[in-house]
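The values are calculated or read from the model by the stated rules, or taken from the named source; none is laboratory data. Given the structure is predicted, the values throughout are model-derived calculations rather than measurements. Here Cβ is always computed from backbone atoms with ideal geometry, including for glycine, and neighbour counts include all displayed protein chains.
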């Protein structure tokens, strides 16, 4: 395939005949900028126009294509009265109906006594059959121009199926012959057609099966998309795994001594993760590893041991977290667990300028061993003497550029990087999104932790729930009460949190605090400290407590309007309790009537405490774009593949992608595959993880 043919597929949509600025804008919103984007826009349905009865036999409610003769025009003289054109055949009469149409246009299109074929859905009005706004009107001689089966596509405002379908048909008619990138054996084993045949078949479905990945043609295209993605991930992985790094050897004696000094035992999962990380750090290549662990599973301790391995080797280490509360919490816990031989600093937005200058100096001269901070660590003034290790907590809350800024702050070789997430990632998303990284998983709870008992009640039981808190308060335990906060109705929801705060204060005076995202960070931190260390037993909050807050005395979590929250978010909120050895509970208050998905979310949470099971269910209910937080930004990982339905194809693509990359099988046809699916630019983002 020559470059000119490839250009035909990647030229802008407005280079196609009949696509002007307005239509281009609508198509861009629907599919993208280029011709190839329309090719990937596969049908989501079809209309069967093969039913060709006479007027008398035409069934009401069915799409029919009927040959008849124009006999009468009845124009509309009032706005709410439609324009009617009466037609007939030798069995009966049929009205064609238009609202807001021009008389001169219809008289020209449908002159009296003309034999025509019309296609549309048959209705019945005042004893006469009719078709409103027929989709096709052609002369009797052009019967072949009405397709028996017409593919239908998802649309956006201002676009019709005829316009989208017409442009796709013109593209397919002039489609260049694409060279084959698969070997003959795979095509034979899978019974797949060539790429060109597959594209043509996918846009011309004949039945419901043809719209799914059970169709061999659609299956082949979906596999191609997954293979292109997995090859690009493998290329990134290969490149990342051989970026020069600092080999850091573990001092067994020091690490063993530290672990033995802890007031608790590590789980086998934690030990295994530490072993995997330390072996990676010993290599002369930069480590890039993802640490997954459920809420409260002890990820921070694994990170701390990894940090100590680096610091004991005379390297500096950084821990980056998304909030100031979390930064200070980690700082306090690190200070308690480590000896005074280690110099630890914390850097956040609220650190005074004088203190910041001192910390900058300590980092640059090497006097700081461990720096904990928020986005403040990105500032140009932060310069390390010898940064060897970076841990990034809740890594999905930082952008690619932010991660790149921190991990490139070493003047020497690249530091080792550990990305941490408390949101377990479904296996399919792990393959497609983190395929370039090694993955460690903590699958056990720390010793003595119990499963959280979860119940659900309607909001009509609100008063009895408030009264029932007295027992928890008398037992000297603490309670979170979470109200939803949704951006579109922030003021209303904030008012709801404030109202609940006032209600609870009436029942429990001087025993309730309120915290929300509109408060200044300093005020939020003060309230959290008061709740953690003081005597107040109830904290009313919006979802600002979702990440990482650790208060072992808190044993009750109440989530109001639980039907509004996503499954993983509910699980994260529930994970704020159960941080100690006492039995904890979570109550989900919901408002009826609930949708089916909301019922499934609440039922799943009641049945299991396992974040990995919850993550898989969340993927089923929401889809990959929302799980990764990319749906709102307009970015989707795949245009055709569905990770819930196509996991077998993903597994096959992953195996074959590894073989292609490991065997240097990137021939010109594989490169063409990467170009067609826009995966040839993946290497731009290598250093960002």
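Some observations on this one:
- Near pairs, Cβ below 8 angstrom, 6+ apart or cross-chain, from segment 354-371 (within 18 Å of residue 310 (Cβ to Cβ) and assigned by TED's automatic domain parsing to the domain that holds residue 382) to any residue that is at pLDDT below 90 and surrounded by fewer than 21 Cβ atoms within 10 Å (Cβ to Cβ): 363/383; 364/383
- Residue check, residue 3 modelled with pLDDT under 90 and either within 14 Å of residue 159 (Cα to Cα) or out of contact with any helix residue (DSSP H, G or I) (no Cβ under 7 Å at 6 or more places or on another chain) (or both): yes
- In this structure, residue 619 does satisfy being modelled with pLDDT under 85 and crowded, with 20+ Cβ neighbours inside 10 Å.
- So residue 341, is it closer than 23 Å to residue 414 by Cα and either surrounded by fewer than 16 Cβ atoms within 10 Å (Cβ to Cβ) or more than 34 Å from the chain's Cα centre (by Cα) (or both): no
- Restricting attention to segment 22-36, the residues being within 21 Å of the chain's Cα centre (by Cα) and in contact (Cβ under 8 Å) with a residue 60 or more places away in the chain number 2.
- Leading residue by the ranking (farthest from residue 581 (Cα to Cα)) among those in segment 241-265 that are crowded, with 19+ Cβ neighbours inside 10 Å and at pLDDT 90 or above: 248
- Filtered residues of segment 81-118 (kept if closer than 14 Å to residue 132 by Cβ and loosely packed, with under 12 Cβ neighbours inside 10 Å): 81, 100
- Output for segment 17-38, where each listed residue is part of a loop (DSSP other than H, G, I, E, B) and farther than 16 Å from residue 171 by Cα: 20
- Filter result for residue 206 (surrounded by fewer than 16 Cβ atoms within 10 Å (Cβ to Cβ), touching a strand residue (DSSP E or B) at 6+ places or on another chain (Cβ under 7 Å), touching a residue at least 40 places away in the same chain (Cβ under 8 Å) and assigned to a loop (DSSP other than H, G, I, E, B)): yes
- Test: residue in segment 2-16 that is surrounded by 17 or more Cβ atoms within 10 Å (Cβ to Cβ), in contact (Cβ under 8 Å) with a residue 60 or more places away in the chain and not in a helix (DSSP H, G or I): yes
- Check on residue 573, in a helix (DSSP H, G or I), touching a residue at least 12 places away in the same chain (Cβ under 8 Å) and buried (at least 22 other Cβ atoms within 10 Å of the Cβ): yes
- Of the helices (runs of 4 or more DSSP H) lying entirely inside segment 384-489, the ones with 3 or more residues being over 27 Å from the mean Cα position of the chain (by Cα) and modelled with pLDDT of 90 or more are found at 462-474.
- If you go through segment 210-232 and pick out every residue that is closer than 15 Å to residue 40 by Cα and in contact with a strand residue (DSSP E or B) (Cβ under 9 Å, 6 or more places away or on another chain), you end up with 1.
- With respect to the conditions (1) at pLDDT below 90; (2) more than 22 Å from residue 246 (Cβ to Cβ); (3) part of a helix (DSSP H, G or I); (4) touching a helix residue (DSSP H, G or I) at 6+ places or on another chain (Cβ under 9 Å), residue 326 falls short on a single one, namely (4).
- Yes/no for residue 560 being closer than 24 Å to residue 474 by Cβ, modelled with pLDDT of 90 or more and under 32 Å from the mean Cα position of the chain (by Cα): yes
- Yes/no for residue 605 being modelled with pLDDT of 90 or more, on the phi < 0 side of the Ramachandran plot, part of a helix (DSSP H, G or I) and surrounded by 15 or more Cβ atoms within 10 Å (Cβ to Cβ): yes
- With respect to (1) in contact with a helix residue (DSSP H, G or I) (Cβ under 8 Å, 6 or more places away or on another chain); (2) surrounded by 13 or more Cβ atoms within 10 Å (Cβ to Cβ); (3) touching a residue at least 60 places away in the same chain (Cβ under 8 Å), the lone exception for residue 121 is condition (1).
- Selection from segment 331-349 of residues that are part of a helix (DSSP H, G or I), under 22 Å from residue 364 (Cβ atoms) and touching a residue at least 40 places away in the same chain (Cβ under 8 Å): 331
- Breaking point among (1) farther than 23 Å from residue 149 by Cβ; (2) not in a helix (DSSP H, G or I), for residue 193: (1)
- Considering segment 309-323, and only residues there that are touching a helix residue (DSSP H, G or I) at 6+ places or on another chain (Cβ under 6 Å) and part of a helix (DSSP H, G or I), the residue that is surrounded by the fewest Cβ atoms within 10 Å (Cβ to Cβ) turns out to be 312.
- Every residue from segment 41-71 that is touching a helix residue (DSSP H, G or I) at 6+ places or on another chain (Cβ under 8 Å) and part of a loop (DSSP other than H, G, I, E, B): 41, 42, 43, 44
- Check on residue 178, modelled with pLDDT under 95, surrounded by 12 or more Cβ atoms within 10 Å (Cβ to Cβ) and over 30 Å from residue 108 (Cα atoms): yes
- Lone qualifier among 259, 274, 255 - being part of a helix (DSSP H, G or I) and in contact with a helix residue (DSSP H, G or I) (Cβ under 6 Å, 6 or more places away or on another chain): 274
- Per the conditions (1) closer than 20 Å to residue 514 by Cα; (2) at pLDDT below 90; (3) out of contact with any helix residue (DSSP H, G or I) (no Cβ under 6 Å at 6 or more places or on another chain), the sole criterion not satisfied by residue 570 is (3).
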